[in-house]
Each structure stands twice: as structure tokens, then as C-alpha cells.
Amino acid sequence: MAKKTLVLKFGGTSVGTPENIKKIHDIVANRKGTVAVVVSAFGGLTDQLIGAATLASQGDESYVEILEKLKARHLDAIENLIKGKTKKRVVERVTLQISRLEKVLYGVFLTKELTLKSKDFVLSFGERLSANIVCESFISAGVSTDYLNAGRIIKTDNTFGDAVVNYPKTNKLVKAYFKSNKNLQIVTGFISSTDDNETTTLGRGGSDLTASIIAAAIDAAELQIWTDVDGMMTADPRKVADAFTIKEMTYAEAMELSHFGAKVVFPATILPVMKKNLPIWVKNTFNPDGRGTLIGNIATQNRFVKGISSIDDVSIISINGIGIANLRGFLSKVFGALASRDIPITLISQASPENLITLTVSTKDAKSAKDAIEEGLREEIASGLIDKVILESNLSIVTVVGENMRNIPGVSGNLFASMGKNGINVRAIAQGSSERNISAVIQSKHLIKALNVIHENFFLSPSITVNLYLVGVGTIGKTLLEQIRLQNAFLEKNHGISINLIGVANSRKMVLNADGIDLDKWDAKLKASKTKTDMDVFVEKMKEFNIRNSIFIDCTANADVPKWYHQILDASISIVAANKVACSSAYEIYDDLKKIAAKRGVRFLYETNVGAALPIIQTMNDLVKSGDKIIKIEAILSGTLNFVFNTLSKDYKMHDVVKEAQEMGYSEPDPRIDLTGVDVSRKILILCRELGLKMELKDIEISNFLPKEAVKAKTLNDFWKVLKKYDNHFEDERLKTEKKGKRQKYFAQYSKGKAKIGLGEFGPEHPFYNIAGSDNIVLFTTERYKAQPLIIQGAGAGAEVTAAGVFAEIIKIANL
């Protein structure tokens, strides 16, 4: 037959309504050379027929109600599609078919028996009815069309329910039929028959297979599968929002994706056309102008990973035993036991010492599969050569597919690392020798997270989405959200990073939404929230959402919030902390958090604890990791105190300067935290701990310049009154220092295993002398930087720079 012929197949959704069937008319009219249109039953009808047959076999008369709805639906389609005198004839034919179906089901009802043979006959009515109506709609529109029951040309054995095609006989019948019939053929999908003309069906994806058999037998130019999506997708769009249409793929890639859950095209469909090297187009009935997906012998490979698919509701069966390696015919027994109960295996994995076999089956077959294996290996289990057969459920399979993966090193490592750092444990792994697919068995609760992580990690998504949970929306937290809002579009366009706010809380209220919170409206939503802040609930929601690439951000100064850090890190959620409490509390807490973060493969970052946006911790760690040794640290670590002592003058006294520092957001809400050196002592403590010292706050020598009366003031108002009293005292001290040609600076120092903080006097020869405003400065004297210390200097206080430091750490995590 000429090579310009087309075979089109339309699924249940495509023929589901009269309006959709009219779309098929337009599609066929625009594709000259179409010789066959294969149709499925109306959408959802096959399940309804199964339901009616099951009810009838149980002696339940309500099967009749399903028949009545089925009849009304088809008559409504005729009313909307068929015109003129033809309508009466079509109504009579369809009514007669439904009457035959009713008689069959009545027989099932009386006998309370539904054989596979009877079930095949019942199910065939779905395609018979839809094909008849579609055919008559074309005739009514003036197109020369014939109805073809595929059972006339597709011959199978008598395996009712999933018949095996007799290809030599079928191909001969198909060729002969299409050679003799030149009208457009509307063909029933799914239906076949035995040599005795008993109705059989082709099983799952049977209508696709019908179209493939016809296309291959007549050497069509191409097979077109029309469905309700734009082609084969990189992932299930219901689970991965960024999934997109794959433009082209090989037959093998399509078969792998289909086998592991992508239901657009079934594996059996591909084989007949693949043997003839005929292309398959997967296209969308509701977007006919869309490109769709081309499946064939595709030479160009623009992505080494083509797509990700998954299978839900699987169970692992593990067979363990030191005697397995020496048991001849062991696998034969296992496979035979499962075959005896018609249980398919979806994945199999065997450890190299051959003492453990892991296989997966559908959860609905799991108990039966376990029983069958135990029965088949009864003697081996009794003799102790095999331990107990273990069953584990609530699992899913995730599969990455790509023809070119074999040529790219590190694909497996990348796959498992990306899942690992998101807290997704892999229970079993399988990879074929072709290296065309890698499959992993994971807990079902992690499936959506895993699909999204993998999709992003292999650049199948346009950007990596980072999901934030923010506690603390004071000056720093609020500024951070505004910075993210302003920068988000730039990050996505230029760096492939998209930041999504999932949860936000202040001391009174909280809002959590797994779909995200609009960065333009978070404040209004938080104010309108009726949910009181409860950190237990907040953290449980984070774990319940189980969202990929999650980061918890603590922008509070609250001593209680860090109590949840361990739990958060243990849930494989990274933390960025502007709050210094965790890292400056008991050493064992600090150490525990570092260890749990490392164990879970997530990040615990706190750069802003020491120098706002200055890279102090990072630089010091880089020095140490590269083999340098820190001899001394000298630092001005309080932007607040530096601002205070830089601003003091005869006209601007201590009380007013501290008040200004508070109003500008430099100081803590209670300035005594800064003025007593508590904040600086925490910072130098953190640096000492980063050097590996098991140091506590009590180990730091503190020289306090603030009068005891001010420190012990009962309220903040009392503190301000006391501070005012000491204005002249501070001015006298300033003048004494000034007369020496020096300046007052509150500094921290580490040397020889000890740390101290206090107010000092520094002359022009020292780098501290010219540090102005609220800047911070750190001098690292090391083995490599002995003569001239390594200096880091810059703004060390203020909401903008601190928020920027937190923002930078979010980006750092996103880039890992």
C-alpha cells in the first residue's frame, strides 16, 4: 500500500462527548491519507461495564441502573451528531446492541457467574457502540465511511482477557481487507477474536495495539495516537508541575517509560510499528496544532535523560539466605511460583554475593506472591538455606529513562545524591545492561518529592524551586522577603532558581500553604490568619508537606525556636539561622546539629551569626580546610557597638546614640544584649567552635563597660533612664582616649586557645582605628598570613545586610 497512508487512534476522552467527536472530524479532514480511525469506548465506559458485570455476577440488580445511564449517554450522542432520516436507523441499531448487552448481563445475573470469556464479550460493547456512532457521524457529515469490527481482522488465541495475537494470520487479513475497502474505516479498538470467531480482547492499551497492528500490516506512513495530553511528557504533569512535552524519543525510550508507568502509549503498541520502522506521533485531540511527540529511530539526542516515570502501589518481596548462591534452579522456582498465579514482576534486583533477591510486584498481588514463593521454596526454607520471605508495602518505583545515559558518567550518583539530600531513602535499585533506565524503589510518601527533585536535578525543569519556611518577620525577616520578591524573576531567568514561600510565622500567627504563599500578599495573609503560632504544629506541617528542597529560616532572636532545629534537620530540611542561640548555646547542642545535618545530607548555615553578610565563617573554614593554621583572630564584631563608639561626641551622648542605633535596626530590641557584650561573646564563641574548640560562653573573658546599675535595670524603660545618668561618665572616658590619639573600639580576640572581649583603645597604626560607622572587621593571623593579617571588612549590622546574608545562604543551598 502507498506510503502516504495514516492510521489514527482516538482514546476514550477524545470520543467522550459529542463535542469531542466533532473535533475528530476536523482532525481527520486536515490529515489527507487517513484510511483508518481506531476508537476506544466512550471515556469511563469500560470501567462502567466492568462494574455492571461485577454487580450482575453478585446477583445485584443495580447493574440495570448502569445500563440505563449507558443507554442514555449513547442516545444523547446520536441526538447531537446524527442528522436527518439516518438518525432513526442509528438509534435502532444502537438500541439493539444495548439490548444484546442487557441479555448477556441478565444471564450473568441469573447464573451469578462471570467467566473471562463472558467478560470479554461484555467489554467489547463499549468499542462497538462508540465506533458505530462515530462512523455514522462521519456518514451524516457526507464522508464515505465504513464500520469495522476489528474482531474480523485481528485473530488471537483463546486467552480471554489478554489474548495473544496471531500476527501471520492477522497481517494477512488486515492487508486483504484494506486492499478491498477504500472508504475511511472506523475501527473498534481493543476487540479481537479467535479462529472460531469468539470475541476476545487485547488487554490494557488494547485500542492502541489495534491501531499499531493495522498501521504495520498496511505499511502506513505513520501511526498517530490522539489523546488528552500534548504527547509523551518528561513526567506526570499531575505530580510535576514543570513537566513538558518530549519532542522526540526512540522506540526503546518510549517502551521504557511506558513499562514504568507512563500510560500515554503502552509497550505492546510500539512493537508492531517498530519492526517496520514506522513513526508514531502522540498528539492532543484538544490541541491539534501542538507539535506532540515523535517516536521512532531518532538519531539526535539533545538530552541524556528523556523522562521520568513511576509506578505506585508496589510491594517489595525480599528473599534472603546464605544458601541461595548454591541453589540450582532457584530463580526458576521463584518465577514459576509467581507465574502459576499469573503475578507479573515489575522489577528485580540481586546483590552480588547472590544471597539476597529483591523483586517488586503490585501491592494487590503482594500477599498472594509471598504465599506462592513460600510454597515454592518450602523445602529450602525448612532446611534453613533460605530465611523468611519478607514483604514490605507502601512503596513506589521511580525510573529515569534516556538512551544517552550510558555515555554520561555520574548519572546514577547524581540521581541518588539528589534524593538522599532530600531525605528520600532508596529501598532497591535496578539498572539494565543497556543503561537505558535506572529504577529505584522508595516509600510512596516520598514519590512526588522524588519526581520533582529528579526532574529539577537533570535539568528537565526550567528552574530549581527552593521552598522556604520563615519564622520571624521583624525587620530582618520582612526585609528578606522583600529582597526575594524583587530578585525572584532575575534568579529564575538568569540562574534557574525559583524561590517559593511555603510557611511564614511571627510570634502570634502563622500561615502555611503547600502550594505557596504570594510574596506580594504574605503580610496581609499573615495578618488575616486565625491560626496561632505553634512551633510544634509548624514543624509537623513542614514534615507532612514533605516538599523537596525545603529550607527553614530562623530570623528571630528567640531562645525557644532553636529547640526544633534537630527535628527539622532530621527531616532532611536545611536550616539558615540568623538566630545565634543554637550555635552559641551548650557545645553539645551545636555539635549535635552539625552532625545531624551531615548525616541527613542537608545544610545548617549561620554565616550571619557572626558578621551579617560578611563571609567570615566561610573564609575561616576555607583557610583551615586548605591546610592553613589560625594563630590569632582580632575582630570588631558588633556593628552596633562600633556605631555607638564611632558616633559618640561631646554633642552626641551615649543615651542618644544607643537610642538611634536601636531605631536604625542596628541593635537588638533590648540594647543591653549588645552593650554588655553578650552578642559579641556569642560571635567569637562561634568562630572558636568552628576552629574545633569545645568552648562554652563561660570560657570567654568579658570586660564590661556598662555600669551594673544599667545592666540590672528591671525594665527597658528603667534602663534608658539609668543610661541617661551616665552620659557624662562615657564622655569623660571618650575624652581620655582621644587625648592619647586613640579611639575606643569594642573588640574580640582569640589567641592560644583562649578568647576575650572588651572595650579597647587603638591608635592609627592599627586597622581598627579607621573602622567607621557600623562596619565590622576581622583580622586572621595565620601561618600563611603572619606578616600581614588577612582582613575582612564591611557593613556588620542592619536589616538590609543581614537579610542579604541570609539570602546568600539560601542561594548557596539552591546551587548545591
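Listing for the model above:
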| item | result |
| --- | --- |
| Relative contact order, percent, region 480-615 [alpha-carbon distance under 8 Å, six or more residues apart] | 15 percent |
| Sulfur and carbon atoms: percent of accessible area, region 381-456 [1.4 Å] | 51 percent |
| Greater than 22 Å apart at Cα, pairs in 563/812; 478/714; 659/745; 629/694; 23/87; 421/521 | 563/812; 478/714; 421/521 |
| Spin-label model distance (nm) - residue 50 vs residue 515, 7 Å beyond Cα toward Cβ | 3.0 nm |
| Assigned charges on the beta-carbon of Lys, Arg, Asp, Glu; the chain dipole about Cα centre (debye) | 1040 debye |
| Unit charges on C-beta of K, R, D, E only; dipole of region 676-760, Debye | 180 debye |
| Percent carbon-and-sulfur accessible area, region 510-648, ignoring ligands, DNA and RNA, probe 1.4 Å | 48 percent |
| Placed amide H near residue 156: partners under 5 Å, 5+ positions off or other chain | 166, 193, 194, 195 |
| Distance between modelled label sites at residue 765 and residue 164, nm, 7 Å Cα→Cβ extension | 9.7 nm |
| Extended-chain gain in nm, criterion 0.36 nm per residue less alpha-carbon gap, residue 619 and residue 656 | 9.7 nm |
| Listed residues 552, 38, 181: farthest to the positive end of the dipole of the chain (Cβ charges) | 181 |
| Fraction of beta bridges assigned by DSSP in the chain that are antiparallel (%, nearest 5) | 60 percent |
| Distance in nm between pseudo-label sites at residue 30 and residue 720 (7 Å out along the Cβ direction from Cα) | 7.2 nm |
| Derived scalar couplings ³J(HN,Hα) [region 303-309; Karplus, 6.51 cos²θ - 1.76 cosθ + 1.60; whole Hz; x for Gly, Pro] | 9, 7, 10, 8, x, 10, 10 |
| For region 140-217, average projected area of the Cα convex hull in nm² | 5.3 nm² |
| Computed over region 677-798: relative contact order in percent, which uses C-alpha pairs under 8 Å that are six or more apart | 22 percent |
| Stretchable slack from residue 104 to residue 532, in nm (0.36 nm times residue separation minus alpha-carbon distance) | 147.9 nm |
| Residues with amide H under 5 Å from that of residue 758, placed H, sequence gap 5 or more | 703, 747 |
| Gain upon complete extension [residue 371, residue 152; 0.36 nm per residue less C-alpha separation] | 74.7 nm |
| Shape category assigned to region 617-683 from the gyration tensor of Cα positions, a/c cut at 1.5 | prolate |
| Equivalent ellipsoid dimensions for the chain as semi-axes, Å, which come from the Cα gyration tensor, largest first | 72, 30, 24 |
| Loop trypsin sites (Lys or Arg not before Pro), region 456-545 (other Cβ atoms within 10 Å of the site Cβ: 16 or fewer; DSSP) | 508, 521, 530 |
| Sequence-separation-based contact order of the chain, relative, with Cα cut under 8 Å and 6+ spacing, percent | 8 percent |
| At R0 = 35 Å, FRET efficiency that the Cβ-Cβ distance of residue 204 and residue 277 yields, to 0.05 | 0.90 |
| Computed over region 229-274, Kirkwood Rh from alpha-carbon pairs, angstrom | 10.9 Å |
| Kyte-Doolittle mean at least -1.0 and Cα axial length at least 27 Å: DSSP H helices in the chain | 63-81, 86-111, 116-140, 475-495 |
| Per-residue [θ]222 nm for the chain (sum of -39500 (n - 2.57) over DSSP H runs n ≥ 4, rounded to 500) | -13000 deg cm²/dmol |
| FRET efficiency, 1/(1 + (r/R0)^6) with R0 45 Å, evaluated for residue 238 and residue 58 via beta carbons | 0.85 |
| Region 324-366 - Debye-derived log10 I(q)/I(0), Cα point model, q = 0.16, 0.30, 0.32, 0.33 Å⁻¹ | -0.45, -1.14, -1.18, -1.21 |
| Rounded to the nearest 20 debye, dipole of region 5-69 from Cβ charges on Lys, Arg, Asp, Glu | 660 debye |
| Accessible area per residue, Å², the chain with all protein chains present, probe 1.4 Å | 44 Å² |
| Förster radius 41 Å - calculated FRET efficiency between residue 558 and residue 815 (Cβ-Cβ, nearest 0.05) | 0.90 |
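The values are calculated or read from the model by the stated rules, or taken from the named source; none is laboratory data. Note that the structure is predicted; figures quoted are calculated from it, not measured. Quick reminder, even Gly has a Cβ in these numbers, built from the backbone with ideal geometry, and neighbours come from all protein chains shown. In case anyone asks, the SASA skips ligands and DNA or RNA and just uses the protein heavy atoms, side chains included. Shrake-Rupley method; radii C 1.70, N 1.55, O 1.52, S 1.80 Å.
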